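The values are calculated or read from the model by the stated rules, or taken from the named source; none is laboratory data. What you see is a predicted model, and the numbers here were worked out from it, not measured in a lab. Here the Cβ positions follow ideal geometry from the backbone for every residue, glycine too, while neighbour counts run over all protein chains shown.
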Amino acid sequence: METAAFFGKLRLLPSVSDERSAPRGPVRWNMSLRPKPRLLCIGGDDHQLRIPFLLGLRNAGFDPIAAGSCDPAPFDAAGIPYCRYLFRRTLSPLDDLRAIQALVQIMRDVRPDLVQTFDTKPNLLAALAKRWVDGIRLVRTINGMGWIFSANSLSARLLRPVYRSLQRIVKPQTDLIVFQNSADQDYFVRHRMVRQQAARIIGGSGVDVACFEEARRQSPAPEAIRAALGLPTARLVITVTRMTRMKGIATLLAAADLVHKVREDVHFLLIGPLEETGRFAIPRDEIAGHAPYVTWLGQRDDIPALLGAADLFVLPTEFREGLPRVLLEAALAGLPIITTAMPGCAAVVQPHFNGLLIPPRDPGFLAAQILTLLDDVDLARTMGRRGAELVRREFSLAGTTEAYIRLYRDLISEVPAAAQDAARAGIGSGLAAPRVDRV
């Protein structure tokens, strides 16, 4: 009943634009309207990760404003205006309607020239909100397909057609979709969720190479970090991710048990927040059961230093990832990588070049590959060097930001001045929206 009521309410609200009326012609942007193109970047509860990207846009002459559901403090520190809205990751039609209303109000208040969205649910909510705000362009980035397309559960299989239908509903509101890997783009095109001419690939969100390497230089020596952890002579296998089954933590723990039976000098470091509730939860006791050779450090802000102290990085994820930033950081730290042959991961790790690819949910095979790279130090060192070179060459934040800037400038050049005049005048109101926390 809630879902029916939700879509019923949406149908009662008239859209101000559709695919036929959206501006498509090569008309010029009226630059007299404001000195800088204003970009509203919408995300979720980890939106602070986009701050380096937004600073890059600002340096390139854009006026970036962020909207998300995370703590505003990092945006304050970076000097980036921030609008906070609330949404639930789980299906909740009434809460979703409130989030759409909040995003409509944010768009009307901010009056952006471009809206850029990240993350699965904000991507959909913002596109639905755009139906009631005219004169803007919308770019959505598909940074992974989430558990719906990764899990084999009945609920995941039942939700896939719903997801595809929602993507088709918002297709007319979307000017471009950016994919982080070709597998996701092919899936969207095959299922008619994007027009071929509206699809682009930009490899991941990029990593700030200079900032990362400076953090490494400012960190204690690897020997000091190992000593502080009480592991001065151990061979360290590290992962950085959410502690959840879908990220392969149960597989990693089982593999750690197998490795420990062969080599007692190997220790596993788990970095990231623990998910103790929900269908994919990893209970604290489950990790504690492997305590002699596994240490969970929780969420840390010294990732570059910890990566620099490790010998090998492992991410046995079961997710259809976009392009995991943590793989880029691990590669930049000079670590060989073992990860699953899932879309996104396979875009970073080239088998036997800078790491190894494994099937998901196979702890025995994972353990064997861990032992292979720990035993062959020269091979591991060569893979690590190649991985760092690959990230500097193809996955830097500067390169990624420049790719988005070119895309934005192309879109801006197509927006008719009349549509921008209407947006500046506030045309397109009519949907009451709740007050939004503003920073």
Requested in this report: Please find, within the stretch 224-241, the residue that is farthest from Gln185 (Cα to Cα) out of those that are out of contact with any strand residue (DSSP E or B) (no Cβ under 8 Å at 6 or more places or on another chain) and in contact (Cβ under 8 Å) with a residue 12 or more places away in the chain.
Outcome: Thr233
Report task. Output the residue which, of all residues in the stretch 252-287 that are charged (D, E, K, R) and in contact with a strand residue (DSSP E or B) (Cβ under 7 Å, 6 or more places away or on another chain), is nearest to Arg235 (Cα to Cα). Result -> Asp265
Requested in this report: Go through the residues of the stretch 376-384 one by one and say whether even a single one is touching a residue at least 60 places away in the same chain (Cβ under 8 Å) and either more than 22 Å from the chain's Cα centre (by Cα) or assigned to a helix (DSSP H, G or I) (or both).
Outcome: yes
Report task. Take the stretch 242-251 and flag every residue that is touching a strand residue (DSSP E or B) at 6+ places or on another chain (Cβ under 6 Å) and under 15 Å from Ile338 (Cα atoms). Result -> Ile249
Query raised in the report: Does the stretch 62-105 hold any residues that are under 22 Å from the mean Cα position of the chain (by Cα), modelled with pLDDT under 95 and of a type in the set (A, V, I, L, M), and which are they?
Result: Leu86, Leu91
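Restricting to the stretch 172-211, name every residue that is among the charged types (D, E, K, R) and not in a strand (DSSP E or B).
The answer is Asp175, Asp184, Asp186, Arg190, Arg192, Arg195, Asp208.
Within the stretch 168-188, is there a residue that is among the aliphatic types (A, V, I, L, M) and closer than 23 Å to Gly278 by Cβ? Even if it seems obvious, please write down each step before you answer.
Of the residues in the stretch 168-188, the ones among the aliphatic types (A, V, I, L, M) are 169-170, 176-178, 183.
From what is left, the residues that are closer than 23 Å to Gly278 by Cβ are none.
No, the conditions are met nowhere in the stretch 168-188.
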Query raised in the report: Mind checking which residues of the stretch 72-120 are surrounded by 23 or more Cβ atoms within 10 Å (Cβ to Cβ) and on the phi > 0 side of the Ramachandran plot?
Result: Asp119
Requested in this report: Just give me the residues in the stretch 52-83 being part of a helix (DSSP H, G or I) and either among the small types (Gly, Ala, Ser) or in contact (Cβ under 8 Å) with a residue 60 or more places away in the chain (or both), in sequence order.
Outcome: Pro52, Phe53, Gly56, Leu57, Ala73, Phe75, Asp76, Ala77, Ala78
Requested in this report: Please state which one of Pro343, Pro359 is touching a residue at least 60 places away in the same chain (Cβ under 8 Å) and either surrounded by 24 or more Cβ atoms within 10 Å (Cβ to Cβ) or under 24 Å from Tyr293 (Cα atoms) (or both).
Outcome: Pro343
Report summary line: Taking first residues from the stretch 260-284 that are among the β-branched types (Val, Ile, Thr) and second residues anywhere that are assigned to a helix (DSSP H, G or I), the pairs with Cβ under 6 Å that are 6 or more apart or on different chains are Val266/Val259; Ile282/Ile249
Query - Within the stretch 320-338, tally of residues that are within 10 Å of the chain's Cα centre (by Cα) and among the charged types (D, E, K, R) - result: 2
Requested in this report: Could you identify the single residue in Leu97, Leu86 that is in contact with a Lys or Arg (Cβ under 8 Å, 6 or more places away or on another chain), touching a residue at least 60 places away in the same chain (Cβ under 8 Å) and not in a strand (DSSP E or B)?
Outcome: Leu97
**Report entry** Single residue of the stretch 124-147 satisfying the filter (part of a loop (DSSP other than H, G, I, E, B) and not aliphatic (A, V, I, L, M)) that is nearest to the chain's Cα centre (by Cα)
**Finding:** Asn143
Query - Pairs where the first residue, in the stretch 206-221, is at positive phi and the second is part of a helix (DSSP H, G or I), C-beta under 8 Å, 6+ apart - result: Gly206/Phe53; Gly206/Leu328; Gly206/Leu397; Gly206/Ala398; Gly206/Gly399; Gly206/Thr400; Gly206/Thr401
Query - Matching residues, the stretch 106-123, being outside any helix (DSSP H, G or I) and either out of contact with any helix residue (DSSP H, G or I) (no Cβ under 8 Å at 6 or more places or on another chain) or modelled with pLDDT under 95 (or both) - result: Pro112, Asp119
